[in-house]
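K.L.:
There's a structure below that I have some questions on.
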2 protein chains.
Amino acid sequence: MTARTSNDSARDIPEATVARLPVYLRALMTLAEREIETCSSEELASAAGVNSAKLRKDLSHLGSYGTRGVGYDVEYLRYQIAREIGLTQDWPVVIVGIGNLGHALANYSGFRSRGFRVVALLDADPGRHDEMVAGIDVRPFDDLESIVAENDVAIGVIATPANAAQDVADRMVAAGITSVLNFAPTVLSVPEGVDVRKVDLSIELQILAYHVQRKAAAALVEADVEEDSA
Amino acid sequence: MTARTSNDSARDIPEATVARLPVYLRALMTLAEREIETCSSEELASAAGVNSAKLRKDLSHLGSYGTRGVGYDVEYLRYQIAREIGLTQDWPVVIVGIGNLGHALANYSGFRSRGFRVVALLDADPGRHDEMVAGIDVRPFDDLESIVAENDVAIGVIATPANAAQDVADRMVAAGITSVLNFAPTVLSVPEGVDVRKVDLSIELQILAYHVQRKAAAALVEADVEEDSA
DNA sequence: TAGATTGTTAATCGATTAACAATC
DNA sequence: TAGATTGTTAATCGATTAACAATC
C-alpha cells in the first residue's frame, strides 16, 4: 500500500542546495516578469548570483527539467522548484512579539506572495491587544494553542526580546509547532524533530565588520610593502 | 619597516568560523552577566549551540586563549573575540530606506551595544524627511555622499524595496562604502572588493517550509510502513 | 549534421568531528 | 602526582568546480 510520490529523487536534497532553491525561484520570477520564456543555466545562474556549474548541480538533485541544447522553460522550472520547496500549498504562520520587528514582518509582502499566510499576531503585552497591524488584530499570547489547533499552524515566528524567546518556543512546541523562525538574539533549545532557523541582524553586521577590518589591515600591509620597495 | 600585527595567526580565519565568532561572543556575554568567570569549551559550546570540538577548532584559529585543565577566562576570551571581529572600535553605519524594516533596524539595540553607530537614516521620499526615528532624523538620500565622507562610513544597510536596491548600492559604492548589508529581496551586483551580505526574510521561511513538507512526507511513509506490517 | 547546452563525473576544496597528546 | 581540559592531528564528510559525454 505504500504510495511513494512520483519523484523519489526528490529526497535528500543537500542543505546547501535547499538554501539556494528560493534564490533560483526569485530569479525565475524576475525573468518571468520580463516575459522571458526560456533561459540557459548561464543566464539563470547570473540572475541568481551563482555560477552555472553550481546551478546545474543543484537542479540535478530535483530531476531533469531542462532541455539539452536549449535551456530551461522559465515557467515550468519555476513550478517545479516551488513544488519541491512546498510553495504550491498555503502555510499558516503565527508571529509572536509585535514590536518594531514584528510590525515589519507582519507587513512584509514577501511572505504572502510566497504562500505564507499570517493567521495571527500575538503579544503578551495587553496594551498591544486589539491594535490592528497589517489588517490583523493583535491577540493575547495565551490564544496560541487554540490558534495553532484551529489553523493547523506548522510554522512560528519569534520576534520577541531575547529573554522571552525560550518560553515562547516552549509554548509553540507544546502547541504542536515543528518549525520556528527565531529573530530573537538567543540560542533556543528545542526537542529533536523541531527545526529552528535563526536570523540575527547584529551577527550579520559583525561578520561585515570583520571583513572591513581585514580589508583595512590588508591595505596597510600593502602600503608598507610599497614603502619598503621605494 | 613593515610592522606586522602581534598575532599573525589571526589572518585567514575560515568563513564558517568567522560566522560563528559573534555567536560565541554573545554566549560569553550571557555567561558574564551571570557572573561566571571561567568556562570549559563544553560549557561555552553548549551555551552557543555548537559542539565543543567545533568550538575549540574555531578558537584555535584566533590563538591560544585557554588554559589546559582549566578552561577559558570569560572576560579575556570575550575581549579577544571582540578584538578579532573588530568590535573594540566604533563602526559608523548608514541605513537607507526607512519603511517598517528600516524603523526596526534603527531601533534595534543590538547594533549600538556592539559598537555600531547609526550616523544617518536616509530615504528618497521627501514625505519622510525630518521625521524622527530612534532619535535620529530622516534625511534625503542625496545627502549620502557627504554623510559617508564626514563620518567615515564603511558599512551601509539597504532596507529599501527591491527595485531601488541596486541604485542605492551603486551610490553607496561610489560614495566609498565597501560593505553592504542588504535586506532587499534582490541580487546586487557590486565591484570586486565590495562585500555584500544578504538577509532575506522570506527565504528563511521557505527553507523552513521545505523541511516541514519533508517531515510530513516522512510521517506518511512511516504510517504506510506500519500499515504494511499490520 | 553542426552547434548549443544540459546533466553527470571526478577532482578539489573546505568544514566537521573524534580522538588524543600536550599541559595546566 | 592525578585529573581535567585544551589545542591539534587526521579521518571523514559535504560542497564546489571544471570538464565533458550525452543529447536536443
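What follows is calculated from the coordinates using simple rules that are stated; it is not laboratory data. As the structure is a prediction and not an experimental result, all values here were calculated from the model. No Cβ is skipped: glycine too gets one built from the backbone with ideal geometry, and neighbour counts run over all protein chains shown.
K.L.:
Nearest 5 percent is fine: what portion of the DSSP beta bridges confined to the protein assembly as shown is antiparallel?
P.N.:
Beta bridges within the protein assembly as shown, antiparallel portion: roughly 20 percent.
K.L.:
Something else: For chain A, list log₁₀ I(q)/I(0) at each q in 0.08, 0.09, 0.16, 0.18 Å⁻¹, using the Debye formula over Cα point scatterers of equal strength and ignoring solvent, two decimals each.
P.N.:
At q = 0.08, 0.09, 0.16, 0.18 Å⁻¹ the computed log10 ratios are -0.43, -0.54, -1.16, -1.27.
K.L.:
Another one. So what are the three principal axis dimensions of segment A:8-85 from its Cα atoms, in whole Å, longest to shortest?
P.N.:
For segment A:8-85, the Cα spread along each principal axis is 32, 22, 22 Å.
K.L.:
Here's a follow-up. Determine one quarter of the surface area of the Cα convex hull of segment A:138-178, which equals its mean projected area, and express it in nm² to one decimal.
P.N.:
That works out to 2.8 nm².
K.L.:
Sort shortest first the distances from A:S109 to its counterpart in every other copy, using label points 7 Å along the Cα-to-beta-carbon line, and give them in nm.
P.N.:
Values, ascending and in nm: 3.3.
K.L.:
List the extent of the Cα atoms of segment A:49-147 along each of their three principal axes, largest first, rounded to whole Å.
P.N.:
Projected onto the principal axes, the Cα atoms of segment A:49-147 cover 62, 27, 19 Å.
K.L.:
Using only DSSP helix segments of four residues or longer, with each worth -39500 (n - 2.57), what per-residue ellipticity at 222 nm results for the protein assembly as shown after dividing by its residue count and rounding to 500? Before the final figure, lay out each step's value.
P.N.:
Working: 18 runs with 222 residues, N = 460.
Calculated at 222 nm, the ellipticity per residue is -15000 deg cm²/dmol.
K.L.:
When DSSP assigns beta bridges and you keep just the ones with both residues in segment A:78-170, what percent turn out antiparallel, to the nearest 5? If you can, show how the numbers build up before the last one.
P.N.:
Details: 2 of 15 bridges.
Given both bridge residues lie in segment A:78-170, the antiparallel proportion sits at roughly 15 percent.
K.L.:
Every other copy gets compared here: list the nm distances from the A:T30 label point (7 Å along Cα to Cβ) to its counterparts, shortest first, one decimal.
P.N.:
3.6
K.L.:
Antiparallel as a % of all DSSP beta bridges within chain B, to the nearest 5?
P.N.:
Just about 20 percent of them are antiparallel.
K.L.:
Sticking with this structure for a sec: Residue by residue through segment A:139-152, what is 3J(HN,Hα) from phi via Karplus (6.51 cos²θ - 1.76 cosθ + 1.60, θ = phi - 60°)? Round to whole Hz and write x for glycine and proline.
P.N.:
For segment A:139-152, the Karplus curve yields 10, x, 4, 5, 7, 3, 4, 5, 5, 4, 5, 5, 9, 6 Hz.
K.L.:
Name the long-range amide H neighbours of B:V93: under 5 Å, sequence gap of 5 or more, or other chain; modelled H, no Pro or chain starts.
P.N.:
For B:V93, whose amide H was placed from the backbone, the distant partners under 5 Å are B:R117, B:V118, B:V119, B:A120.
K.L.:
Averaged over its residues, how many other protein chain Cβ atoms are within 10 Å of peptide B:104-112's Cβ atoms?
P.N.:
5
K.L.:
Please state the shape class of the protein assembly as shown: rounded when a/c is under 1.5, otherwise prolate if a/b exceeds b/c and oblate if not, all from the C-alpha gyration tensor.
P.N.:
Because its axes are fairly even, with a/c under 1.5, the protein assembly as shown counts as rounded.
K.L.:
Assign one of three labels to segment A:96-153, namely rounded, prolate or oblate, based on the Cα gyration tensor with a ≥ b ≥ c the square roots of its eigenvalues; rounded applies when a/c is under 1.5, prolate when it is not and a/b is larger than b/c, and oblate otherwise.
P.N.:
Because a/c hits 1.5 or more and a/b fails to exceed b/c, segment A:96-153 counts as oblate.
K.L.:
Let me ask you something else. Once phi is turned into ³J(HN,Hα) by the Karplus curve 6.51 cos²θ - 1.76 cosθ + 1.60 with θ = phi - 60°, what whole-Hz value does each residue of segment B:112-129 show in order, with x for glycine and proline?
P.N.:
4, 5, 10, x, 9, 10, 6, 8, 7, 10, 10, 8, 6, 7, x, x, 9, 5
K.L.:
Could you tell me whether segment B:91-199 comes out rounded, prolate or oblate from its Cα gyration tensor? Rule is a ≥ b ≥ c as square roots of the eigenvalues, rounded for a/c under 1.5, then prolate if a/b exceeds b/c, otherwise oblate.
P.N.:
Since a/c stays below 1.5, the shape of segment B:91-199 is classed as rounded.
K.L.:
Right, here's the next one. Any idea which of A:Q166, A:L59, B:A19 is furthest toward the positive side of the dipole for the protein assembly as shown, if Lys and Arg beta-carbons carry +1 and Asp and Glu beta-carbons -1?
P.N.:
A:L59
K.L.:
Find, among the residues of chain B, the one whose Cβ sits nearest the axis of the rotation taking B to A; state the distance in whole Å.
P.N.:
Output: B:A104, 2.
K.L.:
Can you list the distances in nanometres, one decimal and ascending, from the B:A219 label point to the identical position in each other copy, with the point 7 Å along Cα to Cβ?
P.N.:
Spacings between copies for this position, smallest first, are 5.4 nm.
K.L.:
While we're here: Leaving out same-chain residues fewer than 8 places away, which lysines sit with a Cα under 17 Å from that of B:K198?
P.N.:
Hits, sequence-local ones excluded: A:K198.
K.L.:
Want the number for A:V221 to A:D12: 0.36 nm per residue separation, take away the alpha-carbon distance, what's left? Could the numbers behind the result be given before it?
P.N.:
Values: separation 209, 0.36 × 209 = 75.24 nm, distance 4.59 nm.
Net length gain for the segment: 70.7 nm.
K.L.:
May I ask you to derive the FRET efficiency for A:S189 and A:K57 from their Cβ-Cβ distance with R0 = 41 Å, giving the value to the nearest 0.05?
P.N.:
0.75
K.L.:
State the answer as a single residue: which of B:S146, A:A47, A:L121 lies farthest towards the positive end of the charge dipole of the protein assembly as shown, with beta carbon charges of +1 for Lys and Arg and -1 for Asp and Glu, about the Cα centre.
P.N.:
Going by the charge dipole, the pick is A:A47.
K.L.:
Which ³J(HN,Hα) values in Hz, rounded to whole numbers, follow from the phi angles of segment B:55-60 under the Karplus curve 6.51 cos²θ - 1.76 cosθ + 1.60, where θ = phi - 60° and Gly and Pro get x?
P.N.:
Result, ordered by residue: 4, 5, 4, 4, 5, 5 Hz.
K.L.:
Another one. Name the most mobile residue of B:T67, B:T38, B:T178, meaning the one with the largest mean-square fluctuation, in a Gaussian network model of chain B with Cα contacts below 10 Å.
P.N.:
B:T67
K.L.:
So what's the gap between the Cα centers of segment A:154-230 and segment A:31-63, to the nearest angstrom?
P.N.:
Each part's Cα centre sits 29 Å from the other's.
K.L.:
For a quick size check, give me the Cα extents of segment B:169-218 along its three principal axes, largest first, whole Å.
P.N.:
Result for segment B:169-218: principal-axis Cα extents of 51, 16, 12 Å.
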